[in-house]
Amino acid sequence: MASSIEHRTINVNGINIHVAIKGPENAPVILFIHGFPQLWYSWRHQIEALSSLGYRAVAPDLRGYGDTDAPAEVTSYTVLHVVGDLIGLLDVVAPNQESVFVVGHDWGALMAWHLALFRPDRVKALVNLSVLFNPRNPSRKVIATLKAVYGDDYYIIRFQEPGEIEAEFAEIGTEKVLKEFLTYRTPAPLFLPKGQGFNGKPLDTPVVLPSWLSEEDVKYYTSKYEQKGFTGGLNYYRNLDRNWELTAPWTGAQIKVPVKFIVGDQDLTYNSLGAKDHIDKGGFKRDVPFLHDLVVMEGVGHFINEEKPEEISKHIYDFFQKL
């Protein structure tokens with residue numbers, strides 16, 4: 001499948017970015033933005049589907065991931081850096097398109113929200129998966145809030161100290177860590193107690209792959225993470241407070257592009273951080289006034305675009321076709 005996809009390295013914003021591209025040269029671009037611990041590869045099904053339907057699919061490895069450069073400084077992974085990368089990438093791959101369609105998942109969704117927030121002129125419409133737009137709370141820093149609510153074993157808190165979780169992941173083994181993440185489908189917050197497995201399971205608990213994730217898929221992810229390490233991806237989490245500081249000028253700003261949002265009801269993001277309340281009590285619609293569709297998929301976990309590839313591709317196509 002992946003052999004017909006073109007792979008390019010493009011120098012933008014001071015780094016080399018690896019990008020997978022497929023589809024007619026002058027077709028409308030869809031920018032696919034992956035999350036953690038993933039790569040461009042997590043969009044492999046959507047790249048095939050949407051390129052065959054007349055779109056040009058563009059899926060980068062974000063900074064710190066895969067075959068894209070990984071700057072050494074933790075501070076080089078803020079939302080401003082990543083959105084800067086994406087704007088630079090669009091200037092090269094879609095120079096004649098004033099705005100493009102965007103699809104994001106997990107951290108990619110968070111970056112897509114900020115791309116729409118900072119540069120709505122460049123986003124024709126947005127399909128975001130899994131992670132809601134959470135407006136900046138001017139009175140509460142992120143890490144202290146998460147620590148107060150979930151404690152020291154909460155995965156985001158465990159990711160904060162550079163090198164610490166990387167050493168633990170090295171002991172467990174890259175492949176096992178990736179399998180644990182990619183098969184996680186507990187509809188609750190994730191905890192990583194030191195010296196134990198996910199949510200305190202014994203470390204030697206075998207991982208059974210679901211039908212949508214093959215050993216070949218895991219091997220691809222593993223080869224790239226063994227080469228690059230987890231640090232780049234983890235550095236996104238280490239900038240949550242820095243992002244809070246940097247995005248102060250956008251306090252109270254809304255997402256002013258057409259949006260479709262899709263989440264699985266078994267997704268940890270839907271079952272923590274007050275996500276359901278935010279949706280049900282109207283906060284999400286207030287912050288995203290051009291929300292056209294909100295889809296909650298029953299029995300589906302976090303890695304929704306891989307678990308339900310055909311349905312997600314259809315949701316993307318149906319929404320973008322209307323626009």
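The values are calculated or read from the model by the stated rules, or taken from the named source; none is laboratory data. Just so it is clear, the model here is predicted, and its values are computed rather than measured. Cβ coordinates were reconstructed from backbone atoms using ideal geometry, including for glycine residues, and neighbour counts include every protein chain displayed. Note: areas computed on protein heavy atoms with side chains; ligands, DNA, RNA excluded. Shrake-Rupley method; radii C 1.70, N 1.55, O 1.52, S 1.80 Å.
May I ask you to give the percent of accessible area on the stretch 229-300 that is carbon plus sulfur, with a probe radius of 1.4 Å?
Values: 1550 of 3030 Å².
So the carbon and sulfur contribution to the accessible surface is 51 percent.
With contacts taken as Cα pairs under 8 Å at a separation of at least 6 residues, the stretch 169-309 carries a relative contact order of 30 percent. Put simply, when 140-147, 111-118, 203-210 are sorted by average Cβ atoms within 10 angstrom per residue, most first, you get 111-118, 140-147, 203-210. If only the Cβ of Lys and Arg carry +1 and only the Cβ of Asp and Glu carry -1, the dipole of the chain around its Cα centre is close to 920 debye. One chain, two ends: residue 137 and residue 211. Fully extended at 0.36 nm per residue, the span grows by 22.6 nm beyond their Cα-Cα distance. Surface composition of the stretch 1-156: carbon plus sulfur atoms hold 50% of the accessible area, using a 1.4 angstrom probe and ignoring ligands, DNA and RNA.
Between 41, 220, 270, the residue with the greatest mean-square fluctuation in the GNM of the chain (Cα pairs under 10 Å linked by springs) is 220.
Give me the accessible area per residue for the chain, probe 1.4 Å, as a whole number in Å². That works out to 40 Å² for each residue.
Protection proxy ranking of 123-136, 286-299, 47-60, by the mean of other Cβ atoms within 10 Å over each peptide's residues and highest first, is 123-136, 47-60, 286-299. If you wrap the tightest convex hull around every Cα atom of the stretch 172-236 and split its volume per residue, you get 107 Å³. Among 221, 236, 183, whose Cα lies farthest out toward the positive end of the dipole of the stretch 180-239, if unit charges sit on the beta carbon of Lys, Arg (+1) and Asp, Glu (-1)? Towards the positive end, the residue furthest out is 236.
Please state the shape class of the stretch 68-115: rounded when a/c is under 1.5, otherwise prolate if a/b exceeds b/c and oblate if not, all from the C-alpha gyration tensor. Write out the running numbers ahead of the final one.
Details: a/c = 2.47, a/b = 1.45, b/c = 1.71.
Taking the square roots of the gyration eigenvalues as a ≥ b ≥ c, the stretch 68-115 is oblate.
For the chain, just say rounded, prolate or oblate: build the C-alpha gyration tensor, square-root its eigenvalues into a ≥ b ≥ c, call rounded for a/c under 1.5, and beyond that prolate if a/b exceeds b/c, oblate if not. Cα axes put the chain in the rounded bin.
Rounded, prolate or oblate: which one fits the stretch 112-157, using the alpha carbon gyration tensor with axes a ≥ b ≥ c (rounded when a/c is under 1.5, else prolate when a/b beats b/c, else oblate)?
Working: a/c = 4.01, a/b = 2.15, b/c = 1.86.
It comes out prolate by the Cα gyration axes.
Taking 0.36 nm per residue of separation and subtracting the current Cα-Cα distance, fully stretching the chain between residue 73 and residue 4 would add 21.3 nm. Spin-label pair residue 97-residue 147: with each label point 7 Å from Cα along the Cα-Cβ axis, the two points sit 4.3 nm from one another. Size descriptors for the stretch 90-198, from the alpha-carbon set: Rg then Dmax equal 17.7, 52 Å.
Roughly speaking, what is the stretch gain from residue 25 to residue 80, that is 0.36 nm per residue apart minus the C-alpha to C-alpha distance, in nm to one decimal?
Numbers: separation 55, 0.36 × 55 = 19.80 nm, distance 2.86 nm.
That works out to 16.9 nm of additional length.
For the chain, adding -39500 (n - 2.57) for each run of n ≥ 4 DSSP H residues and dividing by the number of residues yields -11000 deg cm²/dmol at 222 nm. Label point of residue 121 set 7 angstrom out along Cα-Cβ; within the stretch 17-36, amide nitrogens under 20 Å from it belong to 29, 31.
Relative contact order for the stretch 6-321: 21 percent, from Cα pairs under 8 Å spaced at least 6 residues apart, divided by residue count.
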